[in-house]
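The block underneath contains the structure these notes are about, expressed in structure tokens.
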Amino acid sequence: MALSNLTDSQTLQLTFQSKEMAQPYIEDSQSRVDITVDRAISLDDGTQFQCFTVSGIGLRSYLDIIERRPPVIDTEVISSVSGTHRREIHSDADSLFATFAEHGGHPKGGIFEDGTLRILGEFPATVDENTVVEKVTEIYPHLNCVSRQLVSTPKLSRTLLEETLSDRQWTAFQLAYYTGYFDRQRKSTGKDIADQMGITKQTFHRHLREAQRRVAQFIIEDLDDDRLGITASAE
């Protein structure tokens, strides 16, 4: 399948906000905190592995806030430079983002400003948005949905996920990327990721090798299609 055939598709963005959930930030006297969700990956046991970038708050203050939230199983700081912190969180099945995942959605990020915490989630356009809102507010009564809109997004990642890789291959590939497994100086090991997935190290490496092979095949075949298309046009 050529990348040129991948058109944009619509997704539903829901914005939730809460003044009550902003209290920890107010207590720490922060005027504005920006939270970017680099990735949220659902694991087989219903828990989630999440990668965040946070700015506008001291590291110790932010860790204190995170530790107050029961859904967090474990958290690790990846880097902290000039007030911007990258961290990984392992959260349980009752977390907000796991609730998003139940409905095919994922978090985009959040912001604390003017005494209010706002959280943005992205879902398939076909999702029953009322069901999502009801489920979120059932678990988090202080969160109110204040905005609903359809936006256009590229569907390359979804195509790779649904048509090229199995669920476990995609999970292994994402975890390897976001935990620094591919970095020149590895920040995680095959055993670390295998433990997160609840599989053996050998099984993780098998899933990862197959994912890499299929992604490479996807890209090479697309480049070949483009090259042949250009040649045909030239003739």
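The values are calculated or read from the model by the stated rules, or taken from the named source; none is laboratory data. From a predicted model like this one, the values you see are computed outputs, not experimental measurements. Cβ placement follows ideal geometry from the backbone for every residue including glycine, while neighbour counts extend to all protein chains displayed.
Please tell me if Leu165 is out of contact with any Pro (no Cβ under 7 Å at 6 or more places or on another chain) and modelled with pLDDT under 90.
Numbers: out of contact with any Pro (no Cβ under 7 Å at 6 or more places or on another chain): yes; modelled with pLDDT under 90: yes.
Spelling it out, Leu165 is indeed out of contact with any Pro (no Cβ under 7 Å at 6 or more places or on another chain) and modelled with pLDDT under 90.
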*Quick one: Gly46 ticks every box in (1) buried (at least 16 other Cβ atoms within 10 Å of the Cβ); (2) at pLDDT below 85; (3) within 17 Å of the chain's Cα centre (by Cα) bar one, so which box is it?*
(1)
_Residue under evaluation Phe182, criteria (1) loosely packed, with under 15 Cβ neighbours inside 10 Å; (2) touching a residue at least 24 places away in the same chain (Cβ under 8 Å); (3) within 19 Å of the chain's Cα centre (by Cα), criterion not met_ = (2)
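Among the candidates Ile73, Ile89, Ile66, Ile119, single out the residue that is in the same structural domain as Asn144 (by TED's automatic domain parsing) and not in a strand (DSSP E or B).
Just one listed residue meets the conditions, Ile66.
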_Lone qualifier among Asp8, Asp64 - being loosely packed, with under 13 Cβ neighbours inside 10 Å, modelled with pLDDT under 85 and more than 18 Å from Thr116 (Cβ to Cβ)_ = Asp8
*Just give me the residues in the range 185-204 being of a type in the set (S, T, N, Q) and either in a helix (DSSP H, G or I) or surrounded by fewer than 13 Cβ atoms within 10 Å (Cβ to Cβ) (or both), in sequence order.*
Gln185, Gln196, Gln202, Thr203
*Given (1) in contact (Cβ under 8 Å) with a residue 40 or more places away in the chain; (2) in a strand (DSSP E or B), where does Asp94 come up short, assuming only one miss?*
(2)
*Looking at (1) at pLDDT 80 or above; (2) buried (at least 16 other Cβ atoms within 10 Å of the Cβ), which is the one condition that is false for Glu113?*
(2)
